1. Report, by residue number, each residue of the stretch 557-609 that is without any contact (Cβ under 8 Å) to a residue 12 or more places away in the chain and out of contact with any strand residue (DSSP E or B) (no Cβ under 8 Å at 6 or more places or on another chain).
2. When residues of the stretch 163-200 are filtered for being surrounded by 19 or more Cβ atoms within 10 Å (Cβ to Cβ) and of a type in the set (Lys, Arg), how many remain?
3. If only one of Phe538, Phe561 is outside any loop (DSSP other than H, G, I, E, B), of a type in the set (Phe, Trp, Tyr) and either closer than 19 Å to Ser437 by Cβ or within 35 Å of the chain's Cα centre (by Cα) (or both), which one is it?
4. Identify all residues within the stretch 308-322 that are more than 13 Å from His70 (Cα to Cα) and assigned to a strand (DSSP E or B); write none if there are none.
5. Looking at Asp143, Asp160, which is the one that is crowded, with 17+ Cβ neighbours inside 10 Å, modelled with pLDDT of 95 or more, assigned by TED's automatic domain parsing to the domain that holds Ser231 and more than 21 Å from Pro110 (Cα to Cα)?
6. Just to be sure before I move on: is Val121 out of contact with any helix residue (DSSP H, G or I) (no Cβ under 6 Å at 6 or more places or on another chain), of a type in the set (A, V, I, L, M), at pLDDT 95 or above and in the same structural domain as Ser397 (by TED's automatic domain parsing) in the structure I sent?
7. Considering the stretch 204-257 alone, what residues qualify as being aliphatic (A, V, I, L, M), closer than 23 Å to Met381 by Cα and under 22 Å from the mean Cα position of the chain (by Cα)?
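The values are calculated or read from the model by the stated rules, or taken from the named source; none is laboratory data. Please read all numbers here as calculations on a predicted model, not as lab measurements. Here the Cβ positions follow ideal geometry from the backbone for every residue, glycine too, while neighbour counts run over all protein chains shown.
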Amino acid sequence: MKRRNFNRLISAAGLAAMGQHTLAGKAKQPNLLIIHTDEHNFRTLGCYRDLMTDDQSYVWGKGVKVETPHLDSLARDGAIATSYYAASPVCTPSRASIISGLYPVHTGSPVNDMPLNDDLVTFAEVLKRNGYATSYVGKWHLDGDAKPGFAPARKFGWDDNRYMINRGHWKMLEKDGNTAKFVGSFNEKNNQYKFDINDADELSFTTDFLCDRTLEIIERDKTKPFCVMVSIPDPHGPNHVRKPYDTMFADMHFENPHTMDASTEETVPGWSSIKGKNSAEKGLKQEQMQWYFGMVKCIDDNVGRILNYLESQGLADNTIVVFTSDHGDLMGEHKKHNKGVPFEASAKIPFLIRWPGHIPSGKVVRSAQSNIDFAPMALSMTGVKTGWPDFHGRDTSGDYLSPEKDVGDDRVVYITNAGSRWVAAVNRRYKLVLSPSDDPWLFDLKKDPDELINFYTHPEYKEIAEKMQAELMAQMERYAEPALANGNLIYETGGSAPQQENKALSSSEGYVVDSGPHAVKGEPGQWARAITVPGGTFEANTAYELAVEWESKGLDAGAAFFANFLDPKNKKAKQTETWTAVVGETGTLKAVLKTSGSKGWTLHVGVRDGGELLVKRIKIKKK
């Protein structure tokens, strides 16, 4: 159905809507619609800015904002959560958590591009077994490294996944038989997608295209309970948007956030490097920021289309509408872009929910929550009480369904980095971050919302720090947090992490992926290892593709970085790659590893002689 047909349906509300209300709006079980975006900074939503002071609402300058009236209406007519966090603020692990109710390390997808475990039971699977029509539209990122990977064979409860896209941020789409295809060209060898954004229109631009498919699916399934999740790849980069959104904010000037100018190598925590590909040391790029706002505006307009359609068809009162994202985007805060750290702009995500007659309008939920809570909450709200798998998350539906307009307790949730760079405990006011690379950091989000001050050693915060750390330890033990097992977290000021070899995450269906970073300092005459992929990971007589993303911290004369692949039982059986680089240089080492008849092959990456190496990511895949 073309857009003009839907516009006609929406404008013909009147008697037609009344008739449809009788047909669709009186279903016993509520419908569930999840609108999910990618890398979405919560400050770009007006409903979040309304709850903050001006200095926090307008970090890019006074009056620098994008209006989001349709998203704001969900908060006005429903509830807004002010302390909602990604279980792990990176695409794949966060997405794994929201659909499973589990921490990422238990899903098979703890880091980007790793596929879900085959036996994982999602909330969609439970709804499907209970008579729901289930459909997924848009970015998935949970089926390994297939790119684009339209309509994966493994559906995980999403009965209609024709428009599911495993990977990639394709700016234009079009129908291709019973599924879709991207518009433009893609060179798989160098991973380059080329497109002309000037060719995009309201039918082909990906946000519009996916929302059109969502409306088609709702139209088809409106006479029975349905669950639709539409996952829009924007406002994740590349920052391009169709007309007229590309010029809507052309006259807006973005100032550097206060935390950008306040962050230096000496002041930032050890777990938050201001160097590398996510660095914002050179300041904000005006056009990129303007287009980000344009993408948000386009999303809001499409949310408005969906909400209007629900209203016109008499579905609004019996449909739970959720808006959220997989993680945030720092957008220059703390001199960084993108995500992956526990700062608010990275780890906190928007969460809005509307269910007329059940969730009081204008409700604010201040208690800390995580997207591992979503699956049990959603199933509880739909009235599906049986067939649940074991969840790590909590059923938080009571926070939203209670009559109180303002809900808040001191619940502590823990969030994690799959590479064990840091773990954090957070409640509605305090955040404690532990890591192997720095002293503990305790933030007071009320006194210091910029997250620049470490209160851990302040005497008046001693009891708070102890309580937060005790709760963090308890949850890490409960959920088998790898950082705890590694034994190298620093628990006190002036403490140190024991120097030990870092071991990569175990393999899964031919993959080994570890998103460090892991650093090592070499000494003259030594081979110092930054990371090891242990024996037992590799199969005998098999070839593997290796990719190691690295950053040089400097090398002594005659020293080198190395990747050493060997069979400990046969010292002659080995492959060694070496390279050199100056301070600050980055790159990716690529090689093909071949094993012989032994399963004991081991890979070490590190420094020979004096120097320092940062291994940012390692990925191994069967050829």
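1. Step one: list which residues in the stretch 557-609 are without any contact (Cβ under 8 Å) to a residue 12 or more places away in the chain, which gives 557, 571-572, 574.
Residues satisfying the conditions are Ala557, Lys571, Lys572.
2. Counting residues in the stretch 163-200 that are surrounded by 19 or more Cβ atoms within 10 Å (Cβ to Cβ) and of a type in the set (Lys, Arg) gives 2.
3. Working: Phe538 fails: outside any loop (DSSP other than H, G, I, E, B).
Just one listed residue meets the conditions, Phe561.
4. Thr319, Ile320, listed by residue number.
5. Working: Asp143 fails: more than 21 Å from Pro110 (Cα to Cα).
The conditions single out Asp160.
6. On the way: out of contact with any helix residue (DSSP H, G or I) (no Cβ under 6 Å at 6 or more places or on another chain): yes; of a type in the set (A, V, I, L, M): yes; at pLDDT 95 or above: yes; in the same structural domain as Ser397 (by TED's automatic domain parsing): yes.
It is true that Val121 is out of contact with any helix residue (DSSP H, G or I) (no Cβ under 6 Å at 6 or more places or on another chain), of a type in the set (A, V, I, L, M), at pLDDT 95 or above and in the same structural domain as Ser397 (by TED's automatic domain parsing).
7. Val228, Met229, Val230
Listed here are the residues, each with its yes/no results for (1) over 13 Å from Phe351 (Cα atoms); (2) outside the structural domain of Lys222 (by TED's automatic domain parsing); (3) at pLDDT 95 or above.
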position: Gly14; (1), (2), (3): yes, no, no
position: Ala27; (1), (2), (3): yes, no, no
position: His36; (1), (2), (3): no, no, yes
position: Phe42; (1), (2), (3): no, no, yes
position: Leu45; (1), (2), (3): no, no, yes
position: Asp54; (1), (2), (3): yes, no, yes
position: Leu71; (1), (2), (3): no, no, yes
